Structures are given as structure tokens and as C-alpha cells.
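> If you scroll down you'll find the structure; I have some questions about it.
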């Protein structure tokens with residue numbers, strides 16, 4: 001039997017429609033004008049013990065909402081959800097004992113106290129005995145090298161150090177499943193690598209099931225065998241990561257700053273690329289942030305150097321960056337049937 | 001249980017971490033007591049007693065009342081409000097703890113902190129600097145117990161208001177209204193004896209008087225008979241039970257509508 005079983009799960013929120021301006025705010029005081037937002041609508045999947053599963057999707061896809069339902073914080077609007085055979089919402093306190101959670105955006109450590117105090121408090125809260133606690137702390141120490149931080153106040157830690165402490169804290173009571181909600185957000189490459197290796201090690205040593213939500217495809221590639229892609233509350237893909245990396249590994253996005261950018265520039269770029277590389281070039285063009293034009297290419301079909309050379313000669317380009325394909329583009333490609 | 005004790009200890013430690021705040025609150029208290037001393041001295045210039053209270057008793061009432069004001073203000077309503085808004089509440093709900101008891105533990109930690117930082121120094125100041133004489137009597141024995149119950153009542157009122165945040169996303173209006181009601185109706189600002197009889201008789205039926213009036217009566221007039229003091233304590237206990245039950249019921253409802261932003 002699977003550790004986590006989710007079937008036709010949905011969660012709707014009721015949100016007040018806010019009106020504009022001061023007078024609108026006053027009228028909102030008596031407003032009953034709600035709209036329903038379907039954060040999660042009818043998802044199903046199973047996760048086995050010991051798996052590391054990447055749960056990915058763009059902002060507002062419903063990732064955190066699903067996690068909050070699995071941890072028993074939110075009550076589903078409909079559907080079945082079971083973790084270790086129990087309904088998380090009904091048995092929140094008992095279920096919390098077998099779960100660990102890291103919210104990358106906030107800490108669960110005691111901000112004003114030295115790091116070690118947080119671990120001690122959690123030890124008491126989760127009723128971890130002294131011997132197990134010492135063993136765990138030694139293990140984390142070898143793995144992460146936290147000892148030097150013990151006497152430091154949590155609020156003075158760097159983001160990377162804090163994240164390592166938060167991850168340690170979430171594993172302290174040896175939970176069966178750990179939810180990592182964007183554990184590498186805002187971290188530099190070397191800290192990311194460290195965090196990935198720690199997660200991998202913990203999963204191997206203890207066979208802890210790990211559910212990882214992230215924006216960073218690198219995290220998923222490094223850690224997961226399986227990924228679930230969700231967007232607008234629906235599952236787009238649930239399967240092996242290999243298929244996804246095989247498909248997107250060859251994709252690169254060229255970010256360009258084109259001089260004298262105007263409304264017609266995107267269209268003329270599109271036309272010129274079609275002219276040069278044929279109608280079936282598979283190149284995506286989008287403007288994701290101000291001043292930057294994104295050209296995403298599949299290197300197996302059109303070599304990066306060719307596209308870059310062509311664009312540079314056709315337009316006056318003041319700056320260029322080359323990045324791996326973004327989560328948003330993966331999701332868009334999946335939408336267009338790339339994995340079907 | 002051990003977990004909650006650890007939280008009490010942690011909250012106390014947080015108070016100690018900010019030791020300058022600790023020292024300054026003692027300093028601020030000295031200034032307040034000085035001002036109150038001269039104010040009430042001049043009010044009592046022409047009469048020995050006002051409404052049955054001597055200057056000595058009124059000054060104990062006002063002095064300890066201000067210390068208790070800091071002691072009993074848990075800020076749980078604002079804390080909960082903030083934590084619901086920011087979604088921090090999620091980090092509590094992932095732990096195997098009862099939210100109410102967890103918050104209470106935090107409150108007890110700050111209670112102990114302000115006992116050592118404010119209340120004890122105030123009693124020392126009253127005794128040795130302002131030469132106030134504490135009358136001896138059974139009330140002094142009951143005072144700590146009465147104080148604890150006052151704290152529990154205050155906590156549950158605050159927690160109740162904070163839980164409204166699950167429904168409204170903001171408890172600002174409720175919170176400020178509650179603060180004013182508690183401050184005035186509890187006798188924290190002015191002793192209830194100074195209120196008109198008709199109003200006082202209504203106030204004695206509300207839970208607020210059990211927060212300040214009851215424990216302060218125990219110290220200002222401790223030489224009353226047991227059969228006056230014990231019923232006062234029982235009324236407090238009754239309010240603790242009623243408010244605890246009400247908050248638990250409300251909590252079980254409120255947690256159902258909990259929603260945390262972000263997806």
C-alpha cells in the first residue's frame with residue numbers, strides 16, 4: 001500500500017471581490033460578493049514509502065495548497081486524502097508526529113534564540129528521547145557541520161545556514177514523510193548543491209519519503225526519480241523524470257536586450273526566425289520581464305550558435321544571457337502536448 | 001506536557017535575550033510610579049479616605065495595577081492576528097501541539113518574564129522607596145492564585161479575539177475595542193469603587209472585573225474575612241472555566257474555516 005494516497009482531491013477558496021479605491025473599500029465592508037477560486041481541482045496520485053517526488057508547477061499552481069492538505073492544515077473541499085492510512089485533517093496532532101515540513105519562505109525555528117535551543121524545544125515537542133536526539137544531532141553534524149552555529153541566534157544566520165537548520169529540524173523526530181516547500185529558494189549554487197546532497201543522504205539513510213516542491217528544475221533533476229507537474233490545480237504530468245529531462249535537457253533560453261525595442265519587434269523577430277530556420281523551427285519567443293526578450297530553442301533542432309549568431313546580426317543587441325529552460329516554459333510545453 | 005514547558009522556558013529566555021528592554025521597563029516603571037504618587041497625593045490632600053479607600057490603599061491599587069497591566073497584557077490577539085495574516089500559523093499547525101495550549105505556554109513564559117522584570121521590582125519599589133505599608137491578611141495568601149486566574153481570564157479573552165482573525169483576516173477593530181473595554185471595565189484605570197453605584201453593580205457581573213479588580217482588592221484590603229475573599233476567588237474560577245469552554249468551542253469552529261494564503 002502506498003504511503004500517500006490522493007484521489008480526486010480538490011480545494012476551493014472563497015475570496016471577497018475587492019472594489020477599487022477608498023469608496024470601494026468602504027462598500028466592501030458590507031459586500032457579500034464572493035468568488036470561488038479552485039486552487040486544486042480533482043487531482044489523484046500515489047506516493048510510495050522511500051520515494052523522492054518532485055512536485056512542481058508555476059506560481060499559484062496549487063502546490064502549497066496540496067501540501068497543506070497533506071499536512072492536515074487545510075481541509076479538502078472534496079476527494080480522498082490519506083497519509084499512512086489516516087486522514088491528515090482528522091488526526092492532525094497524531095499525524096504531525098510522522099511528518100516533517102520545511103517552508104522555504106519562513107522558518108519554524110525560534111528567531112530570537114540560539115539555534116540549539118530550537119532543536120531542544122522541538123525535541124520536547126516531538127517527544128524525542130535524549131539518546132535518539134544525541135544520535136541524530138551527531139549524524140546531522142557529520143552531514144551538515146552545524147555545530148559551529150549552535151550558539152548563534154537564528155535571526156543572524158545566513159539564508160543558507162538557516163535552511164540547513166530548518167531541514168535538520170524537520171528530520172529531528174525521524175518522520176516517515178518530509179515535505180520540502182521550496183528549500184533552495186534564493187540560495188546560491190554551492191549552498192543549493194549542499195542542500196541537495198543532504199536531502200539525498202537523509203533519504204538514503206532513513207528511507208524517508210520526500211516530497212519536494214520547487215521552481216528550480218536543477219533540484220528536481222538532482223533528487224527525484226519521479227515528478228508530478230501541476231498547473232491551475234490540475235495534474236499535467238505524473239511520471240519518470242527521465243522523460244522530462246530527455247525532452248527539456250536540450251532546451252536553452254537566450255535572453256536578449258534588443259535596442260530600440262518597440263511593439264513590432266517581437267513579431268518581426270518571429271518572422272525573421274521563421275524565414276531563416278523554416279516554419280517548424282520549434283523556437284518560442286516571449287517577453288517575460290521588462291527589456292528582456294526570451295528566445296527558447298531546442299538545441300537538437302536548431303543549434304544555439306546559429307540562432308544566437310542570426311539574431312545578433314539581424315538586431316542590435318545590447319546584452320545577452322543564456323539560461324536553462326524555466327519552469328514556466330516546461331509547463332507551457334507540457335500543455336502543448338510535449339509529453340503526451 | 002514537556003513540549004509546552006519547553007515553550008514556556010523558551011519564551012522566558014527570549015525576554016532575557018533582550019535584556020536592555022528588560023532594564024528599561026524597570027526604569028519606565030519607576031517614572032510612572034513617581035508621577036502616580038504625586039497625582040494621587042494631591043487628590044488625597046483634603047481627605048483621609050475616598051470611597052472607603054485610603055491613600056495607601058489607592059496607591060497600592062494604582063501601582064500594582066500598572067504592573068499587572070503589563071503582566072496580564074498577553075498580546076495574543078495581535079500575535080495571532082499577525083501570524084494568521086502572514087501564514088506563520090502554518091508552522092504551528094504542522095507540529096503535534098494544541099494551538100491554544102501552545103499559545104498559553106508562550107503567554108505563561110512572558111508572564112514569568114514580566115513577573116521578574118516588572119511586578120517584583122514594583123513591589124520592592126512600593127515597599128522601600130514609597131514606603132507603602134501592605135496590610136497583612138488572608139488576601140495576601142490568595143493574591144498569587146487570584147493573579148494566575150486573572151491571567152487565564154485575560155488570556156482567553158485575547159485568544160478569543162485573535163481567533164476572529166480566522167474569519168475576518170483582521171482583528172484590529174475587535175482588538176482595540178476589547179482593549180478599551182477591558183481597561184475601563186476591569187478597574188485597571190480607576191478603582192471600581194470610584195464608579196457610580198449603578199454602573200459598578202453591572203460591572204461586577206462581567207468577566208472584566210475578575211481581571212484587575214479582584215486580585216487588586218486582595219492586596220489592598222487583604223484583612224477581609226475568608227467568606228468574602230473565597231467567593232471572589234470562586235467567581236474568578238468560574239470565569240476561567242466559562243471562558244476556557246467558550247474558546248475551545250470557538251477554536252474548533254474557527255480551525256475549520258482556516259485558510260492560509262498562497263498556493
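> Can you tell me which residues in segment B:90-126 are away from chain A (no Cβ under 14 Å), touching a helix residue (DSSP H, G or I) at 6+ places or on another chain (Cβ under 8 Å) and more than 27 Å from residue A:172 (Cα to Cα)?
B:111, B:112, B:114, B:115, B:117, B:118, B:119, B:121, B:122, B:123, B:125, B:126
> State whether the residues of segment A:268-278 include one that is in the same structural domain as residue A:299 (by TED's automatic domain parsing) and in a loop (DSSP other than H, G, I, E, B).
So far as segment A:268-278 goes, yes, one or more of its residues are in the same structural domain as residue A:299 (by TED's automatic domain parsing) and in a loop (DSSP other than H, G, I, E, B).
> Going through segment A:102-119 one residue at a time, which ones are surrounded by fewer than 18 Cβ atoms within 10 Å (Cβ to Cβ) and either at the interface with chain B (Cβ under 7 Å from one of its Cβ atoms) or in a loop (DSSP other than H, G, I, E, B) (or both)?
Once the filter is applied, which keeps residues that are surrounded by fewer than 18 Cβ atoms within 10 Å (Cβ to Cβ) and either at the interface with chain B (Cβ under 7 Å from one of its Cβ atoms) or in a loop (DSSP other than H, G, I, E, B) (or both), segment A:102-119 yields A:105, A:106, A:111, A:112.
> Next question. Check whether at least one residue in segment B:63-78 is in contact (Cβ under 8 Å) with a residue 40 or more places away in the chain and closer than 22 Å to residue A:122 by Cα, and report yes or no.
Yes - at least one qualifying residue is present in segment B:63-78.
> Restrict the check to segment B:158-166 and report whether at least one residue is part of a helix (DSSP H, G or I) and more than 22 Å from residue B:240 (Cβ to Cβ).
Within segment B:158-166 (the criterion being part of a helix (DSSP H, G or I) and more than 22 Å from residue B:240 (Cβ to Cβ)), the answer is yes, since at least one residue qualifies.
> Give me the residue from segment B:41-54 that is surrounded by fewer than 18 Cβ atoms within 10 Å (Cβ to Cβ) and outside any loop (DSSP other than H, G, I, E, B) and, out of that set, farthest from the other protein chains (Cβ to nearest Cβ).
Of everything passing the filter in segment B:41-54, B:49 is farthest from the other protein chains (Cβ to nearest Cβ).
> Just checking, how many residues over segment A:120-143 are surrounded by fewer than 20 Cβ atoms within 10 Å (Cβ to Cβ) and more than 13 Å from every other protein chain (Cβ to nearest Cβ)?
11
> Could you figure out which of (1) within 21 Å of residue B:242 (Cα to Cα); (2) within 14 Å of chain A (Cβ to nearest Cβ); (3) out of contact with any helix residue (DSSP H, G or I) (no Cβ under 6 Å at 6 or more places or on another chain) isn't true of residue B:168?
Only one criterion is unmet by residue B:168, namely (1).
> Still on this structure: Which of the residues spanning segment B:1-40 are under 30 Å from residue A:120 (Cα atoms), away from chain A (no Cβ under 14 Å) and either surrounded by 14 or more Cβ atoms within 10 Å (Cβ to Cβ) or in contact with a strand residue (DSSP E or B) (Cβ under 6 Å, 6 or more places away or on another chain) (or both)?
Scanning segment B:1-40 gives a single hit, B:25.
> A further question on this structure: Considering only helices (runs of 4 or more DSSP H) fully contained in segment A:1-101, which possess at least 1 residues that are surrounded by 15 or more Cβ atoms within 10 Å (Cβ to Cβ), facing another protein chain (nearest Cβ under 10 Å) and without any contact (Cβ under 8 Å) to a residue 40 or more places away in the chain?
Fully inside segment A:1-101 and qualifying: A:63-70, A:92-96.
> Would you please name the residue that is farthest from the other protein chains (Cβ to nearest Cβ), looking only at residues in segment A:151-161 that are surrounded by fewer than 18 Cβ atoms within 10 Å (Cβ to Cβ) and assigned to a helix (DSSP H, G or I)?
A:160
> Being in a helix (DSSP H, G or I) and under 21 Å from residue B:188 (Cα atoms) is the requirement here; does residue B:31 meet it?
Against the criterion (in a helix (DSSP H, G or I) and under 21 Å from residue B:188 (Cα atoms)), residue B:31 qualifies.
> Looking for something in contact with a strand residue (DSSP E or B) (Cβ under 6 Å, 6 or more places away or on another chain) and within 13 Å of another protein chain (Cβ to nearest Cβ) - is there at least one such residue anywhere in segment B:66-89?
no
> While we're here: Criterion first (modelled with pLDDT under 90 and either exposed (fewer than 12 other Cβ atoms within 10 Å of the Cβ) or closer than 22 Å to residue B:14 by Cβ (or both)) does residue A:148 satisfy it?
yes
The values are calculated or read from the model by the stated rules, or taken from the named source; none is laboratory data. Predicted model, so just to flag it, every value in this text is computed and none were measured. Cβ atoms come from the backbone with ideal geometry, glycine included; neighbour counts cover every protein chain shown.
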